[in-house]
Amino acid sequence: MKIMQVEKTLVSTNRIQEMGNRPLLVVKEKSGGRSVAVDAIGCIPGDWVICVGSSAAREAAGAKDFPSDLTIIGIIDRWEEA
Amino acid sequence: MKIMQVEKTLVSTNRIQEMGNRPLLVVKEKSGGRSVAVDAIGCIPGDWVICVGSSAAREAAGAKDFPSDLTIIGIIDRWEEA
Amino acid sequence: MKIMQVEKTLVSTNRIQEMGNRPLLVVKEKSGGRSVAVDAIGCIPGDWVICVGSSAAREAAGAKDFPSDLTIIGIIDRWEEA
Amino acid sequence: MKIMQVEKTLVSTNRIQEMGNRPLLVVKEKSGGRSVAVDAIGCIPGDWVICVGSSAAREAAGAKDFPSDLTIIGIIDRWEEA
Amino acid sequence: MKIMQVEKTLVSTNRIQEMGNRPLLVVKEKSGGRSVAVDAIGCIPGDWVICVGSSAAREAAGAKDFPSDLTIIGIIDRWEEA
């Protein structure tokens with residue numbers, strides 16, 4: 001899993017039906033690279049979170065056929081970026 | 001998921017049967033790297049889109065056995081490249 | 001999917017039985033990195049091709065249990081490397 | 001699989017239910033990049049370990065639906081970083 | 001698939017049961033990056049080999065639930081590193 005920081009919400013009105021209206025968040029790696037993650041927890045900008053990728057991201061997002069390759073599965077209690 | 005920008009259509013006449021005649025698009029990452037994505041939405045060049053990879057790309061493209069590892073699943077309403 | 005160029009055939013006599021005698025090709029990314037792909041189309045050196053990875057590479061190679069993580073699924077009609 | 005070194009425990013109280021209370025560890029690659037792994041062995045900080053990713057990380061973590069994309073599956077008897 | 005060179009055997013006595021006592025090898029990419037692969041062929045240090053990753057690595061290692069994300073599936077007859 002990756003350690004990432006939530007930056008902001010991403011608005012995408014025109015999306016495939018399978019995504020429903022699940023919230024999408026822009027997350028940032030320490031190196032600065034941005035990705036989009038499905039939020040399975042309820043995070044706010046600034047939170048340091050654990051993101052799961054690969055096929056595990058689908059079920060973690062709520063269903064085996066959910067189209068996610070990156071899902072936030074936990075908020076880190078305390079993270080000091082070294 | 002990755003944030004990418006649609007560049008242009010990719011023509012590939014000689015392809016495996018399982019792809020049908022689904023449109024293929026060249027998409028570009030901020031870093032400049034190009035990939036090919038299956039379009040499940042209906043995009044035009046210039047659009048900023050959300051691309052899903054891994055095994056989720058298959059079903060997002062329409063069927064569990066569709067040979068895709070990168071599928072466009074949403075258009076971003078507004079994206080300003082920072 | 002990735003855009004790659006076919007370089008040459010790769011000979012591997014000693015291989016696991018599940019691969020059968022499917023042709024293997026050395027393919028090259030623009031950045032110069034080389035990989036090995038299963039050819040599901042019939043390419044020749046110099047062709048610019050579309051390669052699918054992840055779990056989709058297995059079925060694209062002909063069967064769900066085919067041991068491939070990179071399969072050539074289409075030849076690009078015309079590609080000018082920018 | 002990747003060769004990584006265990007750095008420390010990661011505390012995440014607010015996590016999805018599917019994770020149970022499985023211990024999570026921060027692991028570090030030689031290059032310095034940090035990831036989070038599920039511990040299926042029982043490691044301590046400083047251990048050099050073998051981490052499996054991709055879909056294999058799920059079952060290695062104990063169940064097919066466990067949300068992991070990186071699981072520690074073995075401790076290396078002796079590793080001298082070259 | 002990736003082209004890698006076998007470096008040496010990796011000893012890991014404390015491992016999860018699902019791995020059995022399958023031999024593990026340290027393999028090296030041209031760029032110098034090291035990984036660990038399950039040997040499904042029978043290689044010796046110095047061999048140039050074809051490694052399959054992703055979900056295909058599991059079945060190539062012998063069983064659908066084998067915890068591998070990198071499996072050696074063939075020895076290259078002749079490889080001259082360019």
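The values are calculated or read from the model by the stated rules, or taken from the named source; none is laboratory data. These figures come from a predicted structure and were not determined experimentally. No Cβ is skipped: glycine too gets one built from the backbone with ideal geometry, and neighbour counts run over all protein chains shown. Calculation scope for accessible area: heavy atoms of the full protein, side chains included, ligands and nucleic acids excluded. Shrake-Rupley method; radii C 1.70, N 1.55, O 1.52, S 1.80 Å.
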Selection count, the stretch C:51-72, where residues are more than 11 Å from the chain's Cα centre (by Cα) and open to solvent by 10 Å² or more (accessible area, probe 1.4 Å): 9
Some residue of the stretch D:27-47 being over 11 Å from D:Ile72 (Cβ atoms), in a helix (DSSP H, G or I) and touching a residue at least 24 places away in the same chain (Cβ under 8 Å): no
Positions within the stretch B:58-77 being within 7 Å of another protein chain (Cβ to nearest Cβ), under 17 Å from A:Phe66 (Cβ atoms) and either part of a helix (DSSP H, G or I) or free of Cβ contacts under 8 Å to residues at least 12 places away in the same chain (or both), in sequence order: B:Arg58, B:Glu59, B:Ala60
So E:Glu80, is it open to solvent by 40 Å² or more (accessible area, probe 1.4 Å), over 11 Å from the mean Cα position of the chain (by Cα) and closer than 20 Å to C:Cys51 by Cβ: no
Residues (crowded, with 21+ Cβ neighbours inside 10 Å and closer than 19 Å to A:Lys30 by Cβ) located in the stretch D:25-50: D:Leu25, D:Val27, D:Val36, D:Ala37
Residue within the stretch D:44-62 that is touching an Asp or Glu at 6+ places or on another chain (Cβ under 9 Å) and acidic (Asp, Glu) present: yes
Hey, A:Lys30 more than 11 Å from chain B (Cβ to nearest Cβ), more than 11 Å from the chain's Cα centre (by Cα) and modelled with pLDDT under 95 or not: yes
The stretch C:8-21: number of residues that are under 13 Å from the mean Cα position of the chain (by Cα) and crowded, with 16+ Cβ neighbours inside 10 Å: 1
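Matching residues to (1) more than 19 Å from C:Asp69 (Cβ to Cβ); (2) within 7 Å of another protein chain (Cβ to nearest Cβ); (3) at pLDDT below 95:
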| position | (1), (2), (3) |
| --- | --- |
| E:Lys2 | no, yes, no |
| E:Glu7 | yes, no, no |
| E:Leu10 | yes, yes, no |
| E:Ile16 | yes, yes, no |
| E:Arg22 | yes, no, yes |
| E:Leu25 | no, no, no |
| E:Val36 | no, yes, no |
| E:Asp39 | no, no, no |
Odd one out for E:Asp65, checked against (1) under 25 Å from C:Ala56 (Cα atoms); (2) modelled with pLDDT of 95 or more: (2)
